[in-house]
1. Anything in the stretch 216-238 that is among the charged types (D, E, K, R) and within 33 Å of the chain's Cα centre (by Cα)? List them, or say none.
2. Name the one entry in THR89, THR83 that is more than 17 Å from LEU33 (Cβ to Cβ), surrounded by 13 or more Cβ atoms within 10 Å (Cβ to Cβ) and either among the aromatic types (Phe, Trp, Tyr) or free of Cβ contacts under 8 Å to residues at least 40 places away in the same chain (or both).
3. Filter the stretch 311-351 for residues that are farther than 20 Å from TYR184 by Cα, within 16 Å of ligand 1 (Cβ to nearest atom) and assigned to a loop (DSSP other than H, G, I, E, B) and give the result.
4. Any idea which of (1) over 24 Å from ASP352 (Cα atoms); (2) part of a loop (DSSP other than H, G, I, E, B); (3) more than 16 Å from ligand 1 (Cβ to nearest atom) is the one SER200 doesn't satisfy?
5. Report, by residue number, each residue of the stretch 27-49 that is in contact with a Lys or Arg (Cβ under 9 Å, 6 or more places away or on another chain), part of a strand (DSSP E or B) and over 21 Å from SER69 (Cα atoms).
6. VAL54: over 20 Å from TYR142 (Cα atoms), under 17 Å from the mean Cα position of the chain (by Cα) and modelled with pLDDT under 85, yes or no?
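The values are calculated or read from the model by the stated rules, or taken from the named source; none is laboratory data. What you see is a predicted model, and the numbers here were worked out from it, not measured in a lab. When we count neighbours, we look across all protein chains shown, and the Cβ atoms used for this are built from the backbone with ideal geometry, even at glycine.
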Amino acid sequence: MKKIIFALLIAFSITLTTTKPVYAAQEVPVYQLYLKATKEHLYTVDTIERDQLVKNGWICEGIAWYAPSYSAYPVYRFYQKSTDSKYYTMDEEVMKKLIQNGYYKEGVSWYSSENEAVAIFENEKLNGSRTICNLSAYSGEYHYLAQQNWKRNGIYCYGIRKATEQESLDSIRTLPYTNNSCFYVDGILVVNKRHGLGSSYAPGEDPTAGAAIRRIIKDMNAAGYNIHPTYYSGYRSYSTQSTLYNNYVRSDGKANADRYSARPGFSEHQTGLAFDLCNKAGQLVESTREVNWIAANAHRYGFIVRYPYGKEHITGYMPEPWHLRYLGVETATKVYNSGLTLEEYLGVSYGDYE
Ligand code: DAL
Ligand code: ZN
């Protein structure tokens, strides 16, 4: 009998050793999503959930970090229906309390890395009655948010590695894009400080608008105006705008930059329908003769001067007599004749960033 038990034990332990999982945990991207209405961030490795959220109006901001596909440290997501709040935790005690408080355990959102390769920092802030959190693999972002009145919660969990900017951008390029985060009124796409675009909205230059801007340039050249014959500044991607804006903030301060450069996701240039005209020296057109001609004629080509003098409180930007927005001849002419800004003409909300 003893022998049998011994044999069984050996067999059992062999089975244990041979079936003991050898986890070749792979790295999986943790996607960061953002909902403008509540300023909430949500983190998930589940691409089906990600795409569903994007269809529901969430903006996928890219890859926040890479997590292991499995580890001994699952991070669970909890949800409280009455307050529509989400909460992430790895802590058993916290989980018990959450359940007592009416939270429902939705499942594992991602796994924390067993080796402490990349620290993921957490900031937290109260937004109305809702606590919102931000997770980042970048300590710079963590401290920056702390300066913007976010609380520092320290290291939240660990990841395998950071995502490069290219990886992050590539991951959102192929996502479905919906009109949910794009604001149209009467078929006109409106972009201002109140109405932004998703980071994955990347239509490129609109061909009709592009042809129209080249016609203006050609005609101005033929009439002897100081206008660059080939160069203009048109379509800008979210990431290009991001670089541009951040450079202005660095050199000129945020308050100044916000008066003439749009934050990423808020530039009309991202629509492919806006163009800056330049002079022969490659600078933005500011000279009186040229500016007067543009103001009086752009509508005949389908454009409006989008940021006129004296309207900064409405458009959100200092005058830009060189910045043209394509609307098509009919609408541009109506807006021109009304003497109103696009915001006033359409009766849409304007003002500072929310
Ligand atoms: N200069 C305009 C406002 C832009 O950055 O889109
Ligand atoms: Zn412009």
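1. Passing the criteria: only ARG236.
2. On the way: THR83 fails: either among the aromatic types (Phe, Trp, Tyr) or free of Cβ contacts under 8 Å to residues at least 40 places away in the same chain (or both).
THR89 is the lone residue from the list that is more than 17 Å from LEU33 (Cβ to Cβ), surrounded by 13 or more Cβ atoms within 10 Å (Cβ to Cβ) and either among the aromatic types (Phe, Trp, Tyr) or free of Cβ contacts under 8 Å to residues at least 40 places away in the same chain (or both).
3. The answer is LYS311, TYR317, MET318, PRO319.
4. The one condition SER200 does not meet is (1).
5. Let us first name the residues in the stretch 27-49 that are in contact with a Lys or Arg (Cβ under 9 Å, 6 or more places away or on another chain), namely 27, 31, 33, 38-40, 42-44.
Now narrow it down to the ones that are part of a strand (DSSP E or B): 27, 31, 33, 40, 42-44.
Within the stretch 27-49, GLU40 is the sole residue that qualifies.
6. Yes; evaluated as a whole, the condition is true for this residue.
Let's see how each residue does on (1) surrounded by fewer than 19 Cβ atoms within 10 Å (Cβ to Cβ); (2) out of contact with any Cys (no Cβ under 9 Å at 6 or more places or on another chain):
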| position | (1), (2) |
| --- | --- |
| SER69 | yes, yes |
| GLU93 | yes, yes |
| LYS97 | yes, yes |
| SER113 | no, no |
| PHE121 | no, yes |
| GLU124 | yes, no |
| THR131 | yes, yes |
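Residue-wise test of (1) within 16 Å of ligand 2 (Cβ to nearest atom); (2) among the hydrophobic types (A, V, I, L, M, F, W, C); (3) within 30 Å of TYR34 (Cβ to Cβ).
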residue: ASP252; (1), (2), (3): no, no, yes
residue: PHE275; (1), (2), (3): yes, yes, yes
residue: GLU286; (1), (2), (3): yes, no, no
residue: VAL305; (1), (2), (3): yes, yes, no
residue: GLU312; (1), (2), (3): yes, no, yes
residue: TYR326; (1), (2), (3): yes, no, yes
residue: VAL335; (1), (2), (3): no, yes, no
residue: GLU344; (1), (2), (3): no, no, yes
residue: SER349; (1), (2), (3): no, no, yes
